[in-house]
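The structure appears below as structure tokens.
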Amino acid sequence: MSDAAQRISALRNELDAHNYRYYVLDEPSIPDAEYDRLFRELQALEAAHPELVTPESSTQRVGGEALSAFGEVRHEVPMLSLGNAFDDNDLLDFDRRVREGLNLPGGDLFGGGAEVAYSCEPKLDGLAVSLRYENGQLVRGATRGDGSTGEDISSNVRTIRNVPLRLQGEGWPQVLEVRGEVYMPKAGFEALNARQAEGGGKTFANPRNAAAGSLRQLDPKITASRPLEFCCYGVGQVSGELPATQVGMLEQLKVWGIPISRELKLAKGVEACLEYYRDIGQRRMELPYDIDGVVFKVNTIEDQQQLGFRARTPHWAIAHKFPAQEELTELLAVEFQVGRTGAVTPVARLKPVKVAGVMVANASLHNMDEVARLGVMIGDTVIIRRAGDVIPQVMAVVPERRPADARPVHIPEQCPVCGSAVERTQLVKRSKGKASVSEGSVYRCVGRLSCQAQLKQAIIHFVSRRAMDIEGLGDKTIEQLVDEQLIASPADLYRLTFEQIIGLEGFAEVSSNKLLAAIEDSKRPTLARFIYALGIPDVGEETAKVLARSLASLARVRQALPEVLTYLPDIGLEVAHEIHSFFGDAHNQRVIEALLGESGLQLQEEGELSAEFSAIATLGGMLDKLNIPSVGPGAAQKLAERFVSLQGVLGGDWLDMRQALPEKQAKAVREFFDNPDNAQRARAIEEQLRDFGMHWESEKKVAEGLPLAGQTWVLTGTLELMSRDQAKAKLESLGAKVAGSVSAKTHCVVAGPGAGSKLAKASELGVRVLDEQAFIACLADYGVSL
Ligand code: IVH
């Protein structure tokens, strides 16, 4: 064997062994970065020696072209279904039938019957598939279909990361079909739906549908980008001997590298099965995947054979289902609630129905876009889902059951509480230097604090524990204060007198004094708490902390232009506009003045602009944020280096410009700044950054102190746990530059699913590649969290 062939084989073995430890044993043995290094070495060697590429190499998961249709696969051993037990009695009956079938002595009132050993497994909610291994190599994957004939989804199952392309160890039968469930873990499902929604694509109602939709893609590249997993629960055709029990067999398969459930257990007798059922039922919400019950199987294979089948279900196994989390009911009406920020949101009033053990009469409809997406009308039969402690949701409409007199849902023109106008929010997007306005999904009552609903919610939020933390001021008291017109803004809280408080329901002398003291004690909030307490739409505790930490004074936060706010980690243009317009509102200004004036609030922890902010706010970054057509971050950086100041760019002559950039981009820059609005906006941003104490000249110095100073990083593919902007901001906060293309100077490439040419280029050049997990770990090493 040549050196290359030997190394390739060693790398494949090592990678497969790591995969096995990671996916099957759940005991990762090396850091992701190290794995990536080995993987890239293999990729590079295979690229240099294409004749040595084999289908079971872990570099070959995604290959082949999109199909026009799936082929058919006949299952030699049919793929069966399961009977169901819906309560304990059904299960006791099953156990009795099993014992009768095996001629075991029955118990009497005092127990004493023979106990059957059962294999206990969670019932994963996905799709059944059959994977065929011949001589240890994965040769085919098929869906269940009608049980006798399924579809050939070989290219798709190969993309599922925890499906081994070849078996580990030795001694496997020449033909081994393993059967199990392909499913999508909850976290992956949420991330996929978020990605789909962002890209305007189709979202999925639940992880099961998402798994089905992903597996039935004709293009395996799409399947590869979906976070699917496989869990084995049985076998089909097998050419040799396997262990004599269900649990023993699954553990043997695990040794060969086939993933099985971590929840697999052996139970002696039906009581132990019931205990397993209750235990998993309690932990159901914490499991990383959806299950709809558990499956009990007679453990001894010989007993299974003796018990046999009836039509399509075995006598030796049963699914013990959990109470359904989804039910059908009728939508009686849609009412509108007004929240703290004035958002007018639709709430479904339902014909009461029991879902997972609890009566449900109301469900969330989120917003009018959701109403439109569902296509729901009053009178419709709808699917309601209640999972754990989550507020019940309307998942879908059953169109066949729509009555003739169904009525559409309309947003009211006037606020149902105060009668002010209800307006649709606008989203301002800037792209290629132009601002475009589109409709937001939220409708708002414009009454602000003159609307009692908003006022009450605003004050409840203002006094809450994580905001101003005024103890002893419950929701009911606040409602009373507002209803009796004792307060009309948060500032009025600080004017309340002992006489006014003692006059409220539930207050006596001691409690009134206590409340007055609590109000007094709240007068020295930190800047972050105060910003959070203001209740700016879309500004939660984290964003408030970012604003306080980076800008370090209320004055700066109040003045900050939207573009300047977008320099801060995790603040996008939309939120930036919310913040800017909140502080621009005259009523809000009056309340803030009153709080800082008459009410006597004194903010703590104000100070200098943070170094982190100064490091991010570079001239190159600012030019990039202007969104000049065809000018990306790289070109913006070149401009900044060439001209050093904005004035330089604005006054830059053509020759200079041409030296910094290719003609097309140089022209785009010139045209952009020829528009006086653009030039003025750029000047305003620069001026503000300078006001805040930023100096372009100092940018280098500050950046040099940061851990990734001088490094260039590239982001490619889809990131699932954060947006690209977030990833970029985090890298920049550590001093790295983020570039759009890979070169020999690139320090590191972060590649998500779907990465293409940039990833290939990186491996070609031997540039370090991190997947998202490794990237997050790397950020964590520098103390930057998600
Ligand atoms: S055994 C002969 N075990 O449930 C037994 N099925 O309702 C055949 N399922 O089609 C299935 N988890 O898709 C079995 N641990 C488990 C399972 C399981 C999920 C699914 C499978 C099957 C369906 C039957």
Quiz item: Would it be correct to say that Asn299 is farther than 23 Å from Glu121 by Cβ and surrounded by 18 or more Cβ atoms within 10 Å (Cβ to Cβ)?
Solution: no
Exercise. Just one of (1) part of a helix (DSSP H, G or I); (2) over 30 Å from the mean Cα position of the chain (by Cα) trips up Tyr20, so point out which.
Key: (2)
Quiz item: Conditions: (1) among the aliphatic types (A, V, I, L, M); (2) within 16 Å of the ligand (Cβ to nearest atom); (3) assigned to a strand (DSSP E or B). Ala324 meets all but one. Number of the miss?
Solution: (3)
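Listed residues Gly188, Gly201; which is closer than 30 Å to Glu326 by Cα, free of Cβ contacts under 8 Å to residues at least 40 places away in the same chain and under 31 Å from the mean Cα position of the chain (by Cα)?
Details: Gly188 fails: free of Cβ contacts under 8 Å to residues at least 40 places away in the same chain.
On inspection, the qualifying residue turns out to be Gly201.
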Practice problem: Tally the residues that are of a type in the set (Ser, Thr, Tyr) and modelled with pLDDT of 85 or more, restricting the search to segment 26-47. | Solution: 1
Quiz item: For segment 761-770, what are the residues that are out of contact with any strand residue (DSSP E or B) (no Cβ under 6 Å at 6 or more places or on another chain) and surrounded by fewer than 20 Cβ atoms within 10 Å (Cβ to Cβ)?
Solution: Lys761, Glu764, Leu765, Gly766
Quiz item: Among (1) part of a helix (DSSP H, G or I); (2) surrounded by 13 or more Cβ atoms within 10 Å (Cβ to Cβ); (3) over 37 Å from the mean Cα position of the chain (by Cα), which single condition is Asp36 missing?
Solution: (3)
Exercise. Kindly provide the set of residues from segment 320-342 that are buried (at least 19 other Cβ atoms within 10 Å of the Cβ) and among the small types (Gly, Ala, Ser), ordered by number.
Key: Gly342
Self-check item: Residues of segment 509-535 satisfying the condition of being modelled with pLDDT of 95 or more and outside any helix (DSSP H, G or I)
Solution: Ser522, Lys523, Arg524, Pro525, Thr526, Leu534
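The values are calculated or read from the model by the stated rules, or taken from the named source; none is laboratory data. Treat the numbers as computed from the prediction; the structure is a model and nothing was measured. Neighbour counts are summed over all protein chains in view; Cβ atoms, including those assigned to glycine, are modelled from backbone coordinates with ideal geometry.
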